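Visitor: A single structure is presented below for examination.
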4 protein chains.
Amino acid sequence: MPPLHEIAHLSHLELLTPRPEESLEFFTGYLGLTRTGAEGDSVFLHAWDDYERTTVKLTAHSTSGIGRTNLRAAGPEALDRLVSRIEATGRGLGWRDGDPGYGPTYVFTEPDGHEMGVYHESERYVPPSGLVPALKNQAQARPAHGVPVRRLDHVNYLGAEVVPNRDYARDTLGALVTEQIVLDDGNVAGSWTTFTNKGYDAVWTRDWTGSSGRLHHIAFATDTREDILRAADLALDHDVFIETGPHKHAIQQTFFLYVYEPGGNRIELCNAGARLVLAPDWEPVNWTEAERARGQAWGLKTIESFHTHGTPPVPDTAAAAVDRDLADSRVR
Amino acid sequence: MPPLHEIAHLSHLELLTPRPEESLEFFTGYLGLTRTGAEGDSVFLHAWDDYERTTVKLTAHSTSGIGRTNLRAAGPEALDRLVSRIEATGRGLGWRDGDPGYGPTYVFTEPDGHEMGVYHESERYVPPSGLVPALKNQAQARPAHGVPVRRLDHVNYLGAEVVPNRDYARDTLGALVTEQIVLDDGNVAGSWTTFTNKGYDAVWTRDWTGSSGRLHHIAFATDTREDILRAADLALDHDVFIETGPHKHAIQQTFFLYVYEPGGNRIELCNAGARLVLAPDWEPVNWTEAERARGQAWGLKTIESFHTHGTPPVPDTAAAAVDRDLADSRVR
Amino acid sequence: MPPLHEIAHLSHLELLTPRPEESLEFFTGYLGLTRTGAEGDSVFLHAWDDYERTTVKLTAHSTSGIGRTNLRAAGPEALDRLVSRIEATGRGLGWRDGDPGYGPTYVFTEPDGHEMGVYHESERYVPPSGLVPALKNQAQARPAHGVPVRRLDHVNYLGAEVVPNRDYARDTLGALVTEQIVLDDGNVAGSWTTFTNKGYDAVWTRDWTGSSGRLHHIAFATDTREDILRAADLALDHDVFIETGPHKHAIQQTFFLYVYEPGGNRIELCNAGARLVLAPDWEPVNWTEAERARGQAWGLKTIESFHTHGTPPVPDTAAAAVDRDLADSRVR
Amino acid sequence: MPPLHEIAHLSHLELLTPRPEESLEFFTGYLGLTRTGAEGDSVFLHAWDDYERTTVKLTAHSTSGIGRTNLRAAGPEALDRLVSRIEATGRGLGWRDGDPGYGPTYVFTEPDGHEMGVYHESERYVPPSGLVPALKNQAQARPAHGVPVRRLDHVNYLGAEVVPNRDYARDTLGALVTEQIVLDDGNVAGSWTTFTNKGYDAVWTRDWTGSSGRLHHIAFATDTREDILRAADLALDHDVFIETGPHKHAIQQTFFLYVYEPGGNRIELCNAGARLVLAPDWEPVNWTEAERARGQAWGLKTIESFHTHGTPPVPDTAAAAVDRDLADSRVR
């Protein structure tokens, strides 16, 4: 296995939305991201403590879902080694120009087909006048409206299968596998992997439709559990659909709130407290079906739509149809 | 400079106390650490989310202060490289048996003389019956008494000089320098360094007495800022001396509370929220004298005893005498 | 209607338990009440900010349930007026000696048969050495273990009918009705009433078994929502059965956690934030069936056992049998 | 003494500002009050959980300070009794039309000359479209920007003397005196009084300049201590001057943050947790000089400007001049 930390961290990602204006209002007004620019069908959004220029690239599209996930390599040599290993898997798509403020990016797909990019060079975010923070160790002034979320935390992909993606993350990208759901038949239904000292950065869970390339959710970190309770109160009075929570996951013990953005993508607000995975030889914690049946940490049953709603919707399944209707009614 | 992350994290450390029974009561009753064993003049204490066997080794001694700080290497090869570099500096003291549950440890001193050890092998903490947690991704049941702190967070050493220790941490141990206090005359009065994605693990600030080998404080992490407010309330009704706080540091933006344990050592309870230093090429944030004069984040002036109280006390300075009297009256 | 505030506040109450030792451990070890004395089959328990001597009188009994609820009259004249009105309803049982530290108490039952007492004279709680608080405006040192709860907050009675009890509270005791559940057929399924500026002190909800005199739950107040999240974490690792929560009620907007004490009684931990009902002419907020179907504030569905578990259990109903088995398995 | 609770609660008050536009931005943008209307030189502001139409009437004026404080009587008879007692003291100024949404108001001054009004009739706040809350037991949708504060909490007047005002509040208005500062010479330097179950609604502290009619601060309640920590973070990045805090008062144990609004008036954000004063015969807690010298609850020394800054400034004192300069530099 390659060494840990060749990928320094999860960087910005692209999110697709069929309702770009409403989604933009959600990301800026509710989540408290700052609009920093635009290019073509995309707007660039920045979370207040992201040291780089972009946190989310929000792109108008015919449907919802996730575009490219970008990962920052720890240095030029680490980038070279990563690219070599990726090329060796035959999944490389080649070098591309990065988004504005980002250097050359090597693009590839993991086995399930989600597009990813690795790069090292990037510009520091420089706050415009009016957004200069009071404390110089902070990227941007904290918005006075919305949640506001501190930074991107993780991505949870849906995959037709989990194991090939987990293995790719571990063996090619150098991720550490921290927790898993292992079914009674031995199949892995979910795998949590990390590039950092956080418990997880990239997660794969099984797509019940058998589709590839879909998204379960992306997550943003808040500083406290109170921020998440407050976010739930805000959701209530500002027409944001709450899917489930606030509550605490058994897996990773994350305090969570799940909402849908108007484009249909599921968004998590999460807080890990002071929990870190510091052991470089951490053994995956494997959860059984019986253990999962107990629900979340404090007993909340996992909500049914967690197993029926992913983006983009899959048009020809009954579950997707039901869910699409549901989402349509809910996100209004 | 060596690569980052060869040291995986700060591990357990030894704290010296002239009042071992009262200190033990403080660490178990107030901080909520669990006593796991004893050996000679030492007792071993475990924080509820430490995956290894020991968080603090508390040793009865003629005076207060810090003993060996242990650092876990990311793997056997990383350990070899670290030891080679340490030996090359001429500061190595050789291999020692680790504390119970820890493998061979290479012992050395940093330029100021604080004893340190690097090791890789260690046993996982196994909770005894009665301390088995409800969730299997947690090391130990959370105590129902005291704060209780989640894990050791960082050490702040006093040093006759800061720069040699900072350079040693960076160039020999592979630390990243994240923030500093740079005086108007160019001297560095404090340097914050990290081995992980946390903002800091090891800090050196200047010893006003010119002494070597002393301690400013050790710090434990709590999950929330509320935990720290609650810890302050507990301190009030349980005879724990509060030196300053709760408030928020400008440097690193840590929410803090400083108390003295009965042996005289300063203990910080700290919370970083979701703040992480993810940039592998983070440039040190340098604070000027003028900036420091503004006090802590929300305006609290840095307390005078921050510049007069370290452990062990230095017997032949007036400041130390004053402080010792103060501490004696306060910790009662 | 009589004037508001003749009853100053809900005072101590008696709780019955068939498992007195385990219940005592729950109330002292988990909730953080302090045992202050004993008499016959009862122990007296004190919450750290109760200015009077007793918060809960815990009595060993053949079954679970609630004994007498005591209410403090605002003064001697208010007590006289209350007793006159109670006598006029024919529900008076006469004067009794109060519990230790409490003066003469006039005992009566509300229409559903729950025993109540009104008194005015009472002694202040005087903390013994070791429990003297640091701040003189606080009744007792805050325990360093358990939640610990600050004070009793409210009682939720089950009643064969709601309206007669609501009317009795309003017309005889001088309560203000603040919120209600009004079914589509016009029946009132729940009524929240207050003697203070809190949103509610005494609640009646309909007993699905048609029984009289039973208890839905008693509730204790914590200072923050974080205290309740922490209480849920403690419950997890200290074998306390969580029924539902933490979440936020739609009715009264209370942040809550429901647990069962080992004797089977349901206990709520609750926090109202800074919410007060200050309007002396507050009009009841009436919730419809359709509104209740939306669940709690953030969407959590009301748990089924809320409609099947009361104390004492009713032996000859199927629901009670199911629930009893469930409770037996859960509270272990 | 008159019965408690004839005054139901502190209602809206008028605040004067020489910088009306900047003050309005502070109250709406930072505190999160909602502008509901205007009349002459005044704008009306509403806190999201105030059941009446106005929380603060902000009036452009040549200087800072407080205008009329309005108190709501519990009913028409209570209002009559209050007015009779006020008239008997010779301090009545007669009946006036209330502010929009408020009925006839009897105006008077307490002995120090602060203008007050008592009334009973008032209209309920009706949220306009776009501000309708999700939960019907809430006055207004919670703003998504600023703190936002829940409701007005208390007023702290400066008075040439304390005792006459305290006695007036107690003997004429029916307040309960809950805490006091009693100097070694027997003088009362501060008195906290309440009309409700809160620890205090109206406070008088001694004016060091010997002036009459000035303001120390007005305070707004937040739901949690976390809200106040967050308010401090917002202040930092949004140019709000923090005078002191966050910390916890020894007196009343209130968690606090003091800021100055641009007009110069001191504003407190406060949280009492679940603390209530429920005893109808509560004996005042008297704090000595020695006890006050220990500082606030966790040891913070009371800030010097607490004894030098009041509004309006007193032009001919040196202290006021110093403070005015300070304030000018700070509130920018």
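Visitor: Could you check residue A:256 against (1) more than 14 Å from chain B (Cβ to nearest Cβ); (2) without any contact (Cβ under 8 Å) to a residue 40 or more places away in the chain; (3) not β-branched (Val, Ile, Thr) and say which number it fails?
Guide: For residue A:256, the failing item is (1).
Visitor: Could you list all residues from region B:20-34 that are crowded, with 23+ Cβ neighbours inside 10 Å, over 16 Å from the mean Cα position of the chain (by Cα) and not small (Gly, Ala, Ser)?
Guide: Correct list: B:26, B:30.
Visitor: Evaluate the following for residue B:17: is it among the hydroxyl-bearing types (Ser, Thr, Tyr) and closer than 22 Å to residue B:231 by Cβ?
Guide: Yes; evaluated as a whole, the condition is true for this residue.
Visitor: Answer yes if at least one residue in region B:35-43 is closer than 21 Å to residue B:214 by Cα, over 16 Å from the mean Cα position of the chain (by Cα) and in contact (Cβ under 8 Å) with a residue 12 or more places away in the chain, and no otherwise.
Guide: yes
Visitor: Somewhere in region B:46-59, is a residue among the aliphatic types (A, V, I, L, M), touching a helix residue (DSSP H, G or I) at 6+ places or on another chain (Cβ under 9 Å) and closer than 29 Å to residue B:133 by Cβ?
Guide: yes
Visitor: Please state which one of D:257, D:229, D:183 is in contact with a helix residue (DSSP H, G or I) (Cβ under 8 Å, 6 or more places away or on another chain), surrounded by fewer than 22 Cβ atoms within 10 Å (Cβ to Cβ) and either over 30 Å from residue A:127 (Cα atoms) or at pLDDT 95 or above (or both).
Guide: D:183
Visitor: When residues of region D:287-318 are filtered for being at the interface with another protein chain (Cβ under 9 Å from one of its Cβ atoms) and either in contact (Cβ under 8 Å) with a residue 60 or more places away in the chain or not aromatic (Phe, Trp, Tyr) (or both), how many remain?
Guide: At the first step, the residues of region D:287-318 found to be at the interface with another protein chain (Cβ under 9 Å from one of its Cβ atoms) are D:287, D:291, D:297-300.
So of that shortlist, the ones also either in contact (Cβ under 8 Å) with a residue 60 or more places away in the chain or not aromatic (Phe, Trp, Tyr) (or both) come out as D:287, D:291, D:297, D:299-300.
Counting residues in region D:287-318 that are at the interface with another protein chain (Cβ under 9 Å from one of its Cβ atoms) and either in contact (Cβ under 8 Å) with a residue 60 or more places away in the chain or not aromatic (Phe, Trp, Tyr) (or both) gives 5.
Visitor: Is there any pair with a first residue in region B:59-82 that is more than 17 Å from residue B:157 (Cα to Cα) and a second that is assigned to a loop (DSSP other than H, G, I, E, B) and among the hydroxyl-bearing types (Ser, Thr, Tyr) whose Cβ atoms are under 8 Å apart and which are 6 or more apart or on different chains, and what are they?
Guide: The qualifying pairs are B:82/B:172.
Visitor: What number of residues within region D:119-148 are out of contact with any Ser or Thr (no Cβ under 7 Å at 6 or more places or on another chain), assigned to a strand (DSSP E or B) and over 26 Å from residue A:242 (Cα atoms)?
Guide: 2
Visitor: Of the conditions (1) of a type in the set (Val, Ile, Thr); (2) over 19 Å from residue A:153 (Cα atoms); (3) surrounded by 14 or more Cβ atoms within 10 Å (Cβ to Cβ); (4) within 14 Å of chain D (Cβ to nearest Cβ), residue A:17 clears all except one; give me its number.
Guide: Looking at each condition in turn, residue A:17 falls short on (4).
Visitor: Let me ask you something else. Among (1) facing another protein chain (nearest Cβ under 8 Å); (2) touching a residue at least 24 places away in the same chain (Cβ under 8 Å); (3) buried (at least 19 other Cβ atoms within 10 Å of the Cβ), there is one condition residue B:242 misses while meeting the rest; what is its number?
Guide: (2)
Visitor: Further, regarding this structure: Tell me whether region B:188-196 contains one or more residues that are crowded, with 23+ Cβ neighbours inside 10 Å and either more than 11 Å from every other protein chain (Cβ to nearest Cβ) or under 30 Å from residue C:129 (Cα atoms) (or both).
Guide: For region B:188-196, residues crowded, with 23+ Cβ neighbours inside 10 Å and either more than 11 Å from every other protein chain (Cβ to nearest Cβ) or under 30 Å from residue C:129 (Cα atoms) (or both): present.
Every residue, every condition in (1) among the small types (Gly, Ala, Ser); (2) in a strand (DSSP E or B), yes or no:
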site	(1), (2)
D:2	no, no
D:8	yes, yes
D:28	no, no
D:38	yes, yes
D:59	no, yes
D:63	no, no
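Visitor: Does residue A:71 qualify as being part of a strand (DSSP E or B) and of a type outside the set (Ser, Thr, Tyr)?
Guide: In short, yes.
Visitor: Here is a further query. Taking residue B:244, is it at pLDDT 95 or above, touching a strand residue (DSSP E or B) at 6+ places or on another chain (Cβ under 9 Å) and either farther than 26 Å from residue A:196 by Cβ or basic (Lys, Arg) (or both)?
Guide: In short, yes.
Visitor: Residue B:235: within 23 Å of residue B:301 (Cβ to Cβ), more than 9 Å from chain A (Cβ to nearest Cβ) and over 19 Å from the mean Cα position of the chain (by Cα), yes or no?
Guide: On the way: within 23 Å of residue B:301 (Cβ to Cβ): yes; more than 9 Å from chain A (Cβ to nearest Cβ): yes; over 19 Å from the mean Cα position of the chain (by Cα): yes.
Yes, satisfied.
Visitor: I'd like to verify a number: residues in region C:89-105 that are in contact with a Ser or Thr (Cβ under 8 Å, 6 or more places away or on another chain) and either touching a residue at least 24 places away in the same chain (Cβ under 8 Å) or assigned to a loop (DSSP other than H, G, I, E, B) (or both), how many?
Guide: Of the residues in region C:89-105, 9 are in contact with a Ser or Thr (Cβ under 8 Å, 6 or more places away or on another chain) and either touching a residue at least 24 places away in the same chain (Cβ under 8 Å) or assigned to a loop (DSSP other than H, G, I, E, B) (or both).
Visitor: Can you tell me which residue is farthest from the chain's Cα centre (by Cα) among those in region A:220-232 that are more than 7 Å from every other protein chain (Cβ to nearest Cβ) and among the charged types (D, E, K, R)?
Guide: A:230
Visitor: I need the full set of residues from region B:171-203 which are assigned to a strand (DSSP E or B) and not small (Gly, Ala, Ser), in order please.
Guide: Within region B:171-203, B:176, B:177, B:178, B:179, B:180, B:181, B:182, B:188, B:192, B:193, B:194, B:203 meet the criteria.
The values are calculated or read from the model by the stated rules, or taken from the named source; none is laboratory data. Every value quoted in this text rests on a predicted model; they were computed, and no experiment measured them. With ideal geometry, Cβ positions are generated from the backbone for all residues, glycine too; neighbour counts draw on all protein chains shown.
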